[in-house]
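Some notes on the structure that comes next.
Please treat every number below as a calculation from the coordinates, not as lab data. Treat the numbers as computed from the prediction; the structure is a model and nothing was measured. Glycine also receives a Cβ, built like all others from the backbone with ideal geometry; neighbour counts cover every protein chain displayed.
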Amino acid sequence: MELTLEQGGGRETQVQPPIDVWAHYFALRFDDLPEYTLINQRESHAEPECRPVVEHDHNWTIEIDAARMPRPAILRLKHTGTDEYAYWVYRPGDPEFDHCDWMLDNFENPIRAKGRRWFIV
């Protein structure tokens, strides 16, 4: 998923997946918001982070520390267990960034209507 500045400057670690990502990837029940365990795979000794999904007026966010500036950046998530996800944040200069950027440009996503690039494998 492409990371943008959807929450504004100073709050870039508050990641706001599009509603279709919440619905189709996380299978989020919007009336019972969970807490997810996240593990940053880019840091060899990263401790698991327990983060709640937070409802705002018209969206939902989750805090991901490694999503800080700069942009552009791409977030990759892998479901590893019940309410558990491994994640990677790639930026220009990372070997994975160009490949993920190419996939975001070229893989069809029939669920995505507009806006930020994302897809589910």
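Calculated translational diffusion coefficient of region 1-49 (10 °C, 1.306 mPa s; Stokes-Einstein with Kirkwood radius over alpha-carbon pairs) equals 123 µm²/s.
Couplings for region 27-35, taken from phi via the Karplus curve 6.51 cos²θ - 1.76 cosθ + 1.60 with θ = phi - 60°, read 6, 5, 8, 5, 8, 8, 6, x, 10 Hz in order; Gly and Pro are left as x.
Over the chain, the fraction of Cα-Cα pairs per 10 Å bin, rounded to whole percents and listed from the shortest bin up, is 13, 46, 37, 4, 0.
Rounded to the nearest whole Hz, the Karplus-based 3J(HN,Hα) values (6.51 cos²θ - 1.76 cosθ + 1.60, θ = phi - 60°) of region 53-60 follow the sequence 7, 10, 8, 10, 3, 9, 8, 10, with x at glycine and proline. Given R0 = 30 Å, the distance between the Cβ atoms of Arg71 and Gln41 translates into a calculated FRET efficiency of 0.90. Hydrodynamic radius of region 57-98 by the Kirkwood approach over all distinct alpha-carbon pairs: 11.9 Å.
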